[in-house]
Amino acid sequence: MQAQQQGLSNVAQVEALADQLSACADAIHARVMKDIARHGDAPMSDKEQALARALLEDEMLLRQRANGLYADAASIVVKALNRPQQHVMELTAAAAEKIRKIALLGDVTGLVAGLLLLGGAAATGQVAPILLALKKISDQLKAVELHRAKPAG
């Protein structure tokens, strides 16, 4: 049995990350639209409108970063990431799932920031920024879980 392959170490793995980032962008869009629909005919507050606009802008930026990864996959291969590809994919899949399920739209912003950081870091092909982005996503996932676990009041 072959040893577990390091993440982002070939073109297919970089493209798989781009796929995951695109899926996260889809989740962001669906989440914002769900929150808007939840208001029905009632107006959203200025704060809610600003947050929704910011998340839609982040969605567009995340799609651009994913598209850049697709376009440049051959030159982005990272040789020494020291993280299995499965870890990278599980982390981004978990982020997409949290985006879909988070009760408060405001809790989505930290995850989106981490995903944007990962998309930009992966495009550099440099190990340190990629590891930092993966840690940020992991930390934010933990923070969301802690926030959900706190009793109201």
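The numbers here are math on the coordinates, done by the rules we state, and not lab data. Quantities reported herein were computed from a predicted structural model and do not represent experimental measurements. Cβ atoms come from the backbone with ideal geometry, glycine included; neighbour counts cover every protein chain shown.
Reachable lysines from Lys47, Cα under 17 Å, same-chain residues fewer than 8 places away excluded?
Those lysines meeting the cut-off are Lys34.
How high is the FRET efficiency between Gln64 and Leu104 when r is their beta carbon distance and R₀ equals 22 Å, given to the nearest 0.05?
Numbers: r = 26 Å, r/R0 = 1.19.
It comes out at approximately 0.25.
What angle do you read, to the nearest 10 degrees and between 0 and 90, between the alpha-carbon axis of helix 11-38 and the longest principal axis of the chain?
The two axes meet at around 0 degrees.
If you take the beta carbon distance between Ala54 and Arg148 as r and set R0 to 25 Å, what does 1/(1 + (r/R0)^6) give as a FRET efficiency, to the nearest 0.05? Intermediate values should be presented prior to the final figure.
Details: r = 22 Å, r/R0 = 0.88.
Taking R0 as 25 Å, the efficiency between Ala54 and Arg148 is 0.70.
Mind jotting down the distance between the C-alpha centroids of segment 29-50 and segment 101-153, whole Å?
22
Can you sort Thr92, Thr109, Thr124 so the residue with the fewest Cβ neighbours within 10 Å comes first? Each step should come with its number before you reach the end.
Working: Thr92 24, Thr109 16, Thr124 12.
The most exposed by this proxy come first: Thr124, Thr109, Thr92.
Show me, for segment 139-145, the HN-Hα J-couplings you get by feeding each phi into the Karplus relation (A = 6.51, B = -1.76, C = 1.60, θ = phi - 60°), rounded to Hz, glycine and proline as x.
My calculation for segment 139-145 gives 4, 5, 4, 5, 5, 5, 4 Hz in order.
Please work out how much length the chain gains when fully extended from Asp139 to Asn82, using 0.36 nm per residue of separation minus the C-alpha to C-alpha distance, in nm with one decimal. Working shown, then result.
Values: separation 57, 0.36 × 57 = 20.52 nm, distance 1.86 nm.
Taking 0.36 nm per residue and subtracting the Cα distance, the gain is 18.7 nm.
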